[in-house]
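To start, the structure itself, in structure tokens.
Every number here is computed from the coordinates shown, using simple stated rules; none is lab data. Computed from a predicted model, the values in this text were never measured in an experiment. Cβ: placed from backbone, ideal geometry, glycine included. Neighbour counts: every protein chain shown.
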């Protein structure tokens with residue numbers, strides 16, 4: 001700069017300033033365009049409306065179910081006797097002679113609740129003893145329901161009552177009375193019956209007891225050893241269906257494995273015919289290229305629709321859908337890898353009098369193997385995640401279980417369990433493929 | 001002579017062992033493929049042998065219907081075009097927002113750039129979890145909370161995109177030259193300025209290239225999410241399929257739109273990426 005004369009220096013500085021100014025202007029224009037686009041899309045998506053359509057009560061059920069469960073104590077007027085069932089499901093029903101210790105049966109049914117409240121089921125309705133408030137009497141009169149508060153009490157906001165229904169909410173419990181049924185829901189943290197269902201002899205035992213039973217104590221059932229019994233009862237758990245879930249996870253990995261490796265096996269020989277330095281003819285090369293483009297361009301969604309019609313729901317259909325799109329992808333990338341090899345190595349092998357197959361085996365394969373292997377492993381890993389989505393659509397694997405559990409909108413604890421398993425599965429495949437890549441493809 | 005023979009014997013033994021390992025791996029692979037196929041075939045509703053003879057039934061049926069009513073096709077293409085735009089918008093916005101989040105996550109999880117180096121593992125694990133989350137999981141849960149529409153799909157794709165791109169971005173940023181950053185630091189530049197002016201220009205081409213590739217992937221994901229109930233062309237495809245016979249011309253129109261879009265975007269982004277990574281030739 002110091003060598004420049006004063007006017008020349010001014011010109012350079014002006015040029016520089018103008019350059020910066022132009023670049024800044026371009027940056028601002030780009031940001032404005034992006035902001036405009038986002039504004040348009042958000043208006044088109046009706047983002048403002050989303051807030052009004054949101055269902056917070058759903059979020060509450062979901063969050064509650066993620067880490068707690070409820071037990072229903074139901075007296076149905078159309079059925080005989082009291083029913084105590086976890087999540088109100090037949091699979092979680094307590095035997096009438098083995099109710100939990102907070103349900104007292106006798107002349108009257110009394111339910112103890114975690115915050116000290118007590119509910120007494122009477123002939124004509126129920127009494128709810130709410131701590132610090134007093135006794136609330138709910139009586140059923142034909143189709144009508146009457147509510148009587150303790151003398152002088154105001155209607156609190158945790159009671160909602162109409163002529164045909166009374167709802168009372170406490171901490172960790174809820175009570176509801178309708179003309180047909182009296183029901184108490186008692187909440188407790190944790191996932192219910194995760195290992196053993198109520199009909200299993202191992203239900204309700206602590207970790208120490210179970211270890212003792214498995215190792216040295218006498219058999220609970222003569223037919224099977226304690227350890228085998230435990231494994232079998234967990235595997236066939238009716239509430240959580242652990243066996244089915246493990247199978248479903250296996251199916252998902254299988255879909256990814258069969259689809260990816262099958263596509264690799266088919267695409268590899270075809271890639272030779274589509275690579276410019278190996279293709280026997282221009283026409284074959286171009287035809288294959290277009291075919292690869294076609295297989296890639298037909299979206300996985302389209303393949304799924306077509307294949308489900310022919311093969312029906314199941315893991316094979318999912319594997320074939322992965323196979324179809326990936327054959328196109330691999331054909332393209334493998335042939336590109338083949339085009340990028342060093343011809344000298346092949347010439348060197350040829351100079352020793354090697355035939356075509358030997359030239360390919362010792363001249364070409366060592367050069368492309370790392371690229372191809374790492375591609376295969378990368379796709380295997382990413383297809384494991386896709387297989388969850390594909391499974392949900394073609395009906396196989398963990399994706400199917402997940403969508404079923406979500407659609408029933410009831411068993412959110414199962415949904416969260418599946419999500420945990422899916423993430424663990426994908427991360428495990430991720431590390432496995434990373435380990436294999438490091439192990440087999442050095443450098 | 002005996003001395004010279006030893007390494008040769010060693011070498012031969014090594015080769016033999018390598019071949020043995022190769023053969024074992026190959027056998028294992030074949031067994032896995034064959035038994036895996038058996039299992040998948042057994043657990044499928046229809047068998048492979050039976051299905052393969054019917055592969056072309058459905059395409060034949062819809063194509064013959066489309067050929068018969070080919071006059072309807074242009075009308076349907078126009079009718080479904082707005083849904084296609086919605087699908088593209090979901091993918092584009094998710095790629096944009098996901099890309100920005102990924103850039104932030106990447107900077108926070110790269111050694112030498114992170115503002116809080118101790119928190120690097122936290123950000124890495126967060127990205128791993130986001131990456132492992134299949135879009136359909138987030139989308140279905142959000143549909144339950146927010147109702148149908150494009151927003152659940154958008155958020156679902158954003159979650160996965162920020163994790164996936166974040167990892168790639170961070171790999172690029174790790175290879176960035178730190179000298180410009182040091183130079184900027186010597187002039188008293190703040191952390192944000194160091195990243196923006198020191199690292200930004202170095203990583204911008206590769207980051208944009210990865211983001212474009214992600215956009216291609218996200219279009220496909222967005223179409224699939226439409227199928228499970230969040231708007232766009234996937235939803236139209238589902239309804240058209242439910243109408244069944246007689247309405248297959250609609251299905252063909254949607255297939256056509258999807259196919260053309262994907263080929264078009266792929267071609268465009270291939271060219272753009274080649275230019276980004278190789279760079280423009282400056283005279």
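Per residue, the average separation of C-alpha pairs within less than 8 Å and at least 6 apart gives the stretch B:59-278 a relative contact order of 30 percent. Across the stretch A:71-189, counting alpha-carbon atoms alone, Rg and Dmax equal 13.8, 44 Å. Taking label positions 7 Å along the Cα-Cβ direction at both residue B:32 and residue B:245, the computed distance is 4.5 nm, reported to one decimal.
Peptide A:291-299 shows a mean partner chain C-beta count of 4 within 10 Å per residue C-beta.
By average Cβ neighbour count within 10 Å, what is the ranking of B:62-69, A:151-158, A:388-395, A:43-50 from highest down?
Working: B:62-69: 15.6, A:151-158: 9.0, A:388-395: 27.4, A:43-50: 13.9.
The packing order, highest mean first, is A:388-395, B:62-69, A:43-50, A:151-158.
What is the fewest-to-most order of A:69, A:104 by other Cβ atoms lying within 10 Å of their Cβ? The partial results should precede the final answer.
On the way: A:69 19, A:104 14.
Going from least to most buried by this count: A:104, A:69.
Classification of the stretch B:2-55 by its C-alpha gyration tensor yields a prolate form. The axis ratio a/c (a ≥ b ≥ c) is 1.5 or more, and a/b outweighs b/c. Based on the Kirkwood approach, the hydrodynamic radius assigned to the stretch A:300-402 is 15.8 Å, with every pair of different Cα atoms included. Report summary: the helix-based calculation at 222 nm, which adds -39500 (n - 2.57) for every DSSP H run with n ≥ 4 and divides by the residues of chain B, gives -27500 deg cm²/dmol. Normalised by 2.2 N^0.38 Å, where N is the number of residues, the C-alpha radius of gyration of the protein assembly as shown stands at 1.20.
Relative contact order for the stretch A:349-416: 13 percent, from Cα pairs under 8 Å spaced at least 6 residues apart, divided by residue count. For the pair residue A:153/residue A:241, report the inter-label distance in nm, with labels modelled 7 Å from Cα in the Cβ direction. Using points 7 Å along Cα→Cβ, the separation is 4.4 nm. Where is the GNM fluctuation largest for chain A (alpha-carbon springs, 10 angstrom cutoff): A:285, A:219, A:53? Of A:285, A:219, A:53, the Gaussian network model singles out A:53 as fluctuating most. Taking a ≥ b ≥ c as the square roots of the eigenvalues of the alpha carbon gyration tensor, the stretch B:1-149 is oblate, as a/c is not under 1.5 and a/b does not beat b/c. The alpha carbon centroids of the stretch A:285-346 and the stretch A:1-66 are separated by 38 Å. Counting only other chain Cβ atoms within 10 Å of each residue's Cβ, the peptide A:57-66 averages 1.
Relative contact order of chain A, please, whole-number percent, based on alpha carbon pairs below 8 angstrom and at least 6 residues apart. Kindly include the intermediate steps, with their values, before the conclusion.
Details: 563 pairs, mean separation 49.6, N = 443.
Value for chain A: 11 percent.
Angle of helix A:56-67 to the longest C-alpha principal axis of chain A, folded into 0 to 90 degrees and rounded to 10: 90°. Approximating the spin labels as points 7 Å out from Cα along Cα→Cβ, the residue A:16-to-residue B:264 distance works out to 4.6 nm. Against the main long axis of the alpha-carbon atoms of chain A, helix A:365-394 sits at an angle near 30°.
If you take the Cα centroid of the stretch A:206-269 and the Cα centroid of the stretch A:149-203, the two points sit 35 Å apart. When the alpha-carbon atoms of the stretch A:6-49 are used, the pair Rg, Dmax equals 18.8, 62 angstrom. By the beta-carbon count within 10 Å of each Cβ, the least crowded to most crowded order of B:216, A:80, A:414, B:86, fewest first, is A:80, B:216, A:414, B:86. With chain A treated as a Gaussian network of Cα nodes joined by springs under 10 Å, which of A:192, A:251, A:15 yields the largest mean-square fluctuation? Checking each option, the largest mean-square fluctuation is seen for A:15. Arranged from fewest to most other beta-carbon atoms within 10 Å of their beta carbon, A:176, A:52 become A:52, A:176. The calculated Kirkwood hydrodynamic radius for the stretch A:268-345 is 13.4 Å, given to one decimal from all distinct C-alpha pairs. Binning the alpha carbon pair distances of the stretch A:397-440 at 10 angstrom intervals from zero yields the distribution 27, 38, 21, 12, 2, expressed in whole percent. The calculated FRET efficiency for residue A:68 paired with residue A:26, based on their beta-carbon distance and R0 = 60 Å, is about 0.65.
Tell me the angle of helix A:242-274 to the major Cα principal axis of chain A, expressed in degrees between 0 and 90 and rounded to the nearest ten. Between helix and principal axis, roughly 10 degrees.
Springs join every pair of Cα atoms under 10 Å in this Gaussian network model of chain A, and among A:365, A:426, A:12 the largest mean-square fluctuation is at A:12.
Spatially, the stretch B:228-283 and the stretch B:140-207 are offset by 26 Å when compared through their Cα centroids. Other protein chain C-beta atoms within 10 Å of residue C-beta, averaged over B:32-40: 5. Note: the stretch A:21-112, Cα convex hull, 201 Å³ per residue. For a test of the definition: using alpha carbon positions, the gyration tensor, and the 1.5 limit on a/c, classify chain B as rounded, prolate or oblate. Because a/c hits 1.5 or more and a/b fails to exceed b/c, chain B counts as oblate.
What 222 nm value per residue comes from the helices of chain A, counting each DSSP H run with n ≥ 4 as -39,500 (n - 2.57) and dividing by all residues, nearest 500 deg cm²/dmol?
Values: 14 runs with 247 residues, N = 443.
Per the formula, -19000 deg cm²/dmol.
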